[in-house]
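See below for the structure under consideration.
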Amino acid sequence: MKRAAAAGHLAIYALALAALPMSGWALSSVAGKPVMMLGLVEIPPYLPQQSKDIVETVRAIHTLLSWLCGAKVLGHILLAFKHHVIDKDGVLAGMLPKP
């Protein structure tokens with residue numbers, strides 16, 4: 001169970017911190033649009049502007065990764081509640097801040 005939880009955390013981190021930002025940047029780049037980071041820094045499009053078909057393919061990949069990340073987070077939440085309600089093993093209590 002601990003290995004599965006660690007793999008789940010790694011998947012969430014990989015999606016949220018690497019795959020999604022990179023696919024979003026790639027989408028903006030192939031569409032020929034700069035990316036604004038925090039409204040302060042502009043990252044120019046480094047990839048050459050591409051045809052509408054390639055832009056749509058990259059958009060589909062970015063959308064799929066977004067849904068996958070959301071599903072992983074929702075699954076993580078549901079499993080935490082399963083531990084609390086069904087297993088009653090204190091896993092959820094261990095995640096909460098101590099008073």
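Things to note:
- Proximal lysine pairs, region 16-99, alpha carbons under 22 Å, eight or more residues apart or interchain: 4
- Remark: spin-label model distance Ser66-Leu20 equals 1.0 nm, labels positioned 7 Å along the Cα→Cβ axis.
- Between the residues Ala6, His76, Leu92, the greatest Cα displacement towards the positive end of the dipole of region 2-95, with unit charges on the Cβ of Lys, Arg, Asp and Glu, is found for Leu92.
- GNM result for the chain, Cα springs below 10 Å: residue of His84, His62, His76 fluctuating most strongly: His84
- Dipole magnitude of the chain, debye to nearest 20 (Cβ charges: Lys/Arg +1, Asp/Glu -1, about Cα centre): 300
Every number here is computed from the coordinates shown, using simple stated rules; none is lab data. The structure presented is a predicted model; accordingly, all values stated were derived computationally and were not measured. All Cβ positions, even for glycine, are placed from backbone atoms using ideal geometry, and neighbour counts span all protein chains on display.
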